[in-house]
Amino acid sequence: MISNWSNLVARRDLVRELTLAELRSQSQETRLGWLFWLVDPLIMMLIYWGVVVGIFGRGEQYTPYPVFILCAMLPWKHFTGSVNASAKILRGRDALIKAIPFPTIVLPLTIVLAGFSNFLFGTIVLLGTAVAFDRPLGMSLLQIPVLMFLQLAVVCGISLGVACFGALVRDLSGFLGHLTRIGFYLSPVLYGVDMVQDRFLQGPLGKLPFAEWIPTLYMLNPFAILFTGYRDAVFYGRMLEPYYWAVLTVEAALLLFGGWRLYQYFDRRVIKFL
Amino acid sequence: MSSPLVIDVKGLGIFYRLQQRRRVGIKSLLVGGGFRRDAPLLWALRGVTFQCHEGQILGVIGGNGAGKSTLCLALSKILMPDEGKVKVRGEVSTLLSLGAGFNRDLSGRDNIYLNAAFLGLPRRVIESKMEEIIEFSELGEFIDQPIRFYSSGMRSRLGFSVAAALDPEILILDEVLSVGDRAFQRKSRKRLKSMMDHSRVIVLVSHQVEFLRELCTHCLWLERGELRGFGKADEVLDQYMTASGGADDAEPEASA
């Protein structure tokens, strides 16, 4: 059964059951159950807060830092979790793929969806933290659902592509950890995009050739825009610039479409590699 | 033959690239070896042509590596043909292995929903058949335990019980009949026979000649990916027996 849209719609029951099964098995493996989905982002936030503010004494311009870091960490975790799992999923479920005809695209898709549900729990923590630190929560929060939607498209698109290559290239999942680590530091998770602009427009790095282009190029990273968007919505209480909305929407559409087409191309071919 | 055509296979060929079946690493990809077009091909099936009409029960026989499993994969649309055409009219249900979609951390009950979703059974159908499935599996109170605590026999009993809830138009079976202890085997065979009564076409892969002779109307004999015989079950099975030395072939191995 090929992974096209009509088969996917026909098997939407499977997408739902598989996502629920994934979430259920996550929560049943842990003693805390679904509470862990709330505790997990809290712990991560405390660690980064402790390291960046407590030990290195940085991030004073990003006070309250817990809100600032959660805005980026939650979507980043959704992305890395989905991509890492997608790289292994087709190889991991080869027996299933060769036993039952079903559109295999549901496998990476449900990973992304289950991760997204975890992310939704994380946003509860984010909003709770924002309230606790007296952030100006208002109309800017209305941007969040749109950002979430675009995030879902970006993560889906990349995960679909990674799922194909993970099946073809066995060593991908080994490299992926390093690639996402590089991505972590290249994306404004621990710091803000203003820092990039400052460094390359004014500081010593500003003397480099083409330095004035670097912040613009930097902001082509869809995650740089996503994190900025969540920070504008929750941390600063303002609207994301229309230019960034436009870039992010185009990128999300391209990534989703590209990942989808790539998966369709490799869909049945990949099975022989498993 | 006036009954409608259900399965129409013309010149079917499926190959595996030997290079691809081994490791393909980033290095070989960069150097260009991984996708080399001249990598040796292994034709698991080639030039296979046959037709199956409504009401037929088709047995597939052949030695190990004959291409029986690959044929099942092609008929159930898991693998696309590299050559030729496979046309199947109607909804195909496949029993190539039992409980392949199970999640070890979930209870038997949750796994019934999950496995059923893989097989394409809607949730309301499963809900109405839930008690029947649990009873058939003979798991009793274990049904609410995570299946990582199950024995392999219990697991395949559960797998068979979910599959038995299928009401297939076209049923493809690959040696999954020996499940559980003797009592359960008898029960599952009985259930299979009643499933067969409701199906339009059945494709049955087995090593057991007598079993096929008993059930099938037609037979297809594959050897090294090529069609050696196709026709009335008795004739093809006799040919097969003669060619394979007439021995009582009780090869218990599963096909590749």
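Kindly flag which residue pairs out of B:Lys68/B:Lys187; A:Lys98/B:Lys129; B:Lys10/B:Lys193; B:Lys129/B:Lys187; A:Lys88/B:Lys87 have an alpha-carbon separation exceeding 23 Å in this structure. Beyond 23 Å: B:Lys68/B:Lys187; A:Lys98/B:Lys129; B:Lys10/B:Lys193; A:Lys88/B:Lys87.
With helices as the sole contributors, chain B gives -10500 deg cm²/dmol at 222 nm; each DSSP H run of n ≥ 4 counts as -39500 (n - 2.57), and the sum is divided by every residue. Using a Gaussian network for chain A with springs between C-alpha atoms less than 10 Å apart, which of these wobbles most: A:Asp40, A:Asp134, A:Asp232? Result for chain A, Cα springs under 10 Å: A:Asp134 fluctuates most. Electrostatic tally near B:Val9: other residues with Cβ closer than 9 Å to its Cβ, Lys and Arg +1, Asp and Glu -1, net +2. In the context of the full set of protein chains, residues of chain B present 47 Å² of accessible surface per residue (probe radius 1.4 Å, heavy atoms only). Looking at the range A:1-95, the chymotrypsin sites (Phe, Trp or Tyr not before Pro) that sit in a DSSP loop and have at most 16 other Cβ atoms within 10 Å of their own Cβ are A:Phe56. Select from A:Leu254, A:Leu205, A:Leu107 the residue whose mean-square fluctuation is largest in a Gaussian network model of chain A (Cα-Cα springs shorter than 10 Å). Per the Cα network of chain A with a 10 Å cutoff, A:Leu205 tops the list.
In a simple Cβ point-charge model (Lys, Arg +1; Asp, Glu -1; nothing else charged), the range A:5-273 has a dipole of about 880 debye relative to its Cα centre.
Taking chain B as a Gaussian network of alpha-carbon nodes connected by springs under 10 Å, the highest mean-square fluctuation of the residues B:Ala164, B:Ala66, B:Ala243 belongs to B:Ala243.
Normalised by the number of residues in the range A:5-273, the mean separation of alpha-carbon contacts (under 8 Å, six or more apart) gives a relative contact order of 27 percent.
Electrostatic bookkeeping for A:Glu212 treats Lys and Arg as +1 and Asp and Glu as -1; over the other residues with beta carbon under 15 Å from its beta carbon, the sum is +1. Here's the list of aspartates and glutamates a cross-link from A:Lys207 could span, going by alpha-carbon distance under 20 Å and ignoring same-chain residues fewer than 8 apart: A:Asp194, A:Asp198. Of the peptides B:151-157, A:220-226, the ranking by mean beta-carbon count within 10 Å, highest at the top, reads A:220-226, B:151-157.
Quick check on the protein assembly as shown: take the gyration tensor over C-alpha atoms, sort the square-rooted eigenvalues as a ≥ b ≥ c, and tell me if it's rounded (a/c under 1.5), prolate or oblate. Prolate, since a/c reaches 1.5 and a/b exceeds b/c.
Legend: mean number of C-beta atoms from other chains within 10 angstrom of residue C-beta atoms, peptide A:90-97, equals 2. Bridges between two residues of the protein assembly as shown, per DSSP, are antiparallel at a rate of about 55%. Between B and A, buried accessible area from a 1.4 angstrom probe totals roughly 3000 Å², ignoring ligands, DNA and RNA. DSSP bridge analysis restricted to chain B gives an antiparallel fraction near 55%, rounded to the nearest 5. With contributions of -39500 (n - 2.57) from each DSSP H run of at least four residues, the per-residue ellipticity at 222 nm computed over chain A stands at -22000 deg cm²/dmol. The listed residues B:Ser137, A:Ser173 rank as A:Ser173, B:Ser137 when sorted by accessible area, largest first, using a 1.4 Å probe. How would you classify chain A from its alpha-carbon gyration tensor, with a ≥ b ≥ c the square roots of the eigenvalues: rounded for a/c under 1.5, else prolate if a/b is greater than b/c, otherwise oblate? The shape class here is prolate.
B:Leu73 sits among other residues whose Cβ lies under 13 Å from its own Cβ, and their net charge, with Lys and Arg +1 and Asp and Glu -1, is +2.
The values are calculated or read from the model by the stated rules, or taken from the named source; none is laboratory data. Computed from a predicted model, the values in this text were never measured in an experiment. Neighbour counts run over all protein chains shown; Cβ positions are idealised from the backbone, glycine included. Heavy atoms of the whole protein, side chains included, go into the accessibility calculation; ligands, DNA and RNA do not. Shrake-Rupley method; radii C 1.70, N 1.55, O 1.52, S 1.80 Å.
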